[in-house]
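What follows is a short report on a single structure.
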Amino acid sequence: MNKKFLSIVLCLCLVASVFAALPLTAFADLNDTQAATPTVEVSHPSMVFTTDTLDITITLKNAESGTYRIGNSKWKPFSDTITITIGSGVAFGVCITVQVNAKGSESAKAYGFDYIKVNPDSKVYVYYDNNNTNWQKVNCYIYTDPAITSTTEWLEVPMTKTQGNIYYYEVPIEFWNGRVTFNNALTGEQLQQIPESKGYAIEGRTNIFQDNQWQYYKAPAPILGDADGDGNVTISDVTAIQKHLAQIKLLDSNKLKATNADGQDGVTIADATAVQKYLAQLPTNENIGQPME
Ligand SMILES: [Ca+2]
Ligand SMILES: [Ca+2]
């Protein structure tokens, strides 16, 4: 009897020791797996693209199945990973939304990404309104977003001053998905930077930092007679027209409308004369010096 009792006790001890030997983490891991949120990884998160089409690879993580749709098209099922192509036949400037649902064993999660097709021949600028800061020189620091390209590239360049203490810089196409900060470029001064941390998203369009906001830039209406586009009608505009006619320095095609000061027959010497008369306060086209609609 004693011997039988002993063997039962030994058996119980063995069972207890087996449970004791099981690492607690084994249970913890099991729970984590069950609770893990289904997620989605995409080869290109929200971005602008300048190619005709864009391939996007979507990969499910911690998910049993998924569905996706492009714009308002039908939802389509997929598992593990899928590569989709967007942009074919889509006009420039259109935003294409890709929605993805990832379904796990216990939960599902929805994701959305925006892709904007941008004309590679367009121009993208960053503008900075210096009226509040009055920095003597303004630099912009532009960098690629590490989330988009695994390696961050950057450039720091002086911006060009234009009318009304506004500065601008034309953003190279490889930085259209990048971010920008602005800073005072005077050496010896303590660096001041706007914004203080993460830069503003460029997103392939022309924006301005103005009134403490990063917002769409709306170009001021051109002024008739302002051939060089600096916002004022001065003797420099007469010179610019003369140089254009002599083919010494051709005017930008988008400035020609403002250059046609007499309103007649394209750009001729009569336009330079009309601006000279305006400056001398002699009778001439009364629209010179006025914003064009
Ligand atoms: Ca001018
Ligand atoms: Ca003319």
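The values are calculated or read from the model by the stated rules, or taken from the named source; none is laboratory data. Worth saying up front: this structure is predicted, and the values here are computed from it rather than measured. As a convention, Cβ positions derive from the backbone with ideal geometry for all residues, glycine included, and neighbour counts pool all protein chains shown.
Take Gly204 and decide whether it is in the same structural domain as Cys140 (by TED's automatic domain parsing) and touching an Asp or Glu at 6+ places or on another chain (Cβ under 9 Å).
Considered against the rule, which asks whether it is in the same structural domain as Cys140 (by TED's automatic domain parsing) and touching an Asp or Glu at 6+ places or on another chain (Cβ under 9 Å), Gly204 comes out as no.
State the number of residues belonging to region 263-293 that are buried (at least 19 other Cβ atoms within 10 Å of the Cβ) and of a type in the set (Lys, Arg).
Looking only at that region, the number is 0.
Can you pull out every residue in region 56-98 that is closer than 30 Å to Asp121 by Cα and among the charged types (D, E, K, R)?
Residue satisfying the conditions is Arg69 alone.
Scan region 164-196 residue by residue and report those that are modelled with pLDDT of 80 or more and of a type in the set (S, T, N, Q).
Asn165, Asn177, Thr181, Asn183, Asn184, Gln192, Gln193
Just the residues that are small (Gly, Ala, Ser) and more than 18 Å from Lys161 (Cβ to Cβ), please, taken from region 217-257.
In the first step, residues of region 217-257 are kept if they are small (Gly, Ala, Ser); the result is 219, 221, 225, 227, 229, 231, 236, 240, 246, 253.
Matches in region 217-257: Ala221, Gly225, Ala227, Ala246, Ser253.
Table: residues versus (1) under 30 Å from Thr53 (Cβ atoms); (2) surrounded by 20 or more Cβ atoms within 10 Å (Cβ to Cβ).
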{"position": "Tyr127", "(1), (2)": "no, yes"}
{"position": "Glu153", "(1), (2)": "yes, no"}
{"position": "Thr160", "(1), (2)": "no, no"}
{"position": "Gln163", "(1), (2)": "no, no"}
{"position": "Val180", "(1), (2)": "yes, yes"}
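For region 211-293, give me every one of the helices (runs of 4 or more DSSP H) that falls completely inside it and has 1 or more residues that are out of contact with any Ser or Thr (no Cβ under 6 Å at 6 or more places or on another chain) and more than 16 Å from ligand 1 (Cβ to nearest atom).
Where helices (runs of 4 or more DSSP H) fall fully within region 211-293 and carry at least 1 residues being out of contact with any Ser or Thr (no Cβ under 6 Å at 6 or more places or on another chain) and more than 16 Å from ligand 1 (Cβ to nearest atom), they are 235-245, 269-279.
On the given criteria, is Gln136 surrounded by 15 or more Cβ atoms within 10 Å (Cβ to Cβ) and either modelled with pLDDT of 95 or more or under 24 Å from Gln213 (Cα atoms) (or both)?
Details: surrounded by 15 or more Cβ atoms within 10 Å (Cβ to Cβ): no; either modelled with pLDDT of 95 or more or under 24 Å from Gln213 (Cα atoms) (or both): yes.
It is false that Gln136 is surrounded by 15 or more Cβ atoms within 10 Å (Cβ to Cβ) and either modelled with pLDDT of 95 or more or under 24 Å from Gln213 (Cα atoms) (or both).
For region 136-150, does any single residue satisfy the condition of being over 23 Å from Lys117 (Cα atoms) and charged (D, E, K, R)?
For region 136-150, residues over 23 Å from Lys117 (Cα atoms) and charged (D, E, K, R): present.
For region 70-119, how many residues are assigned to a loop (DSSP other than H, G, I, E, B) and either of a type in the set (A, V, I, L, M, F, W, C) or under 30 Å from Asp211 (Cα atoms) (or both)?
Looking only at that region, the number is 8.
Residue by residue through region 259-293, note down the ones that are within 9 Å of ligand 2 (Cβ to nearest atom), more than 25 Å from Ala219 (Cβ to Cβ) and free of Cβ contacts under 8 Å to residues at least 12 places away in the same chain.
Gln264, Asp265, Ala270
Just to be sure I understand, how many residues within region 234-258 are away from ligand 2 (no atom under 15 Å from the Cβ) and closer than 20 Å to Pro283 by Cβ?
2
So which of Asn131, Asn165, Asn184 ends up being away from ligand 2 (no atom under 16 Å from the Cβ), in contact with a helix residue (DSSP H, G or I) (Cβ under 7 Å, 6 or more places away or on another chain) and not assigned by TED's automatic domain parsing to the domain that holds Ala270?
The conditions single out Asn131.
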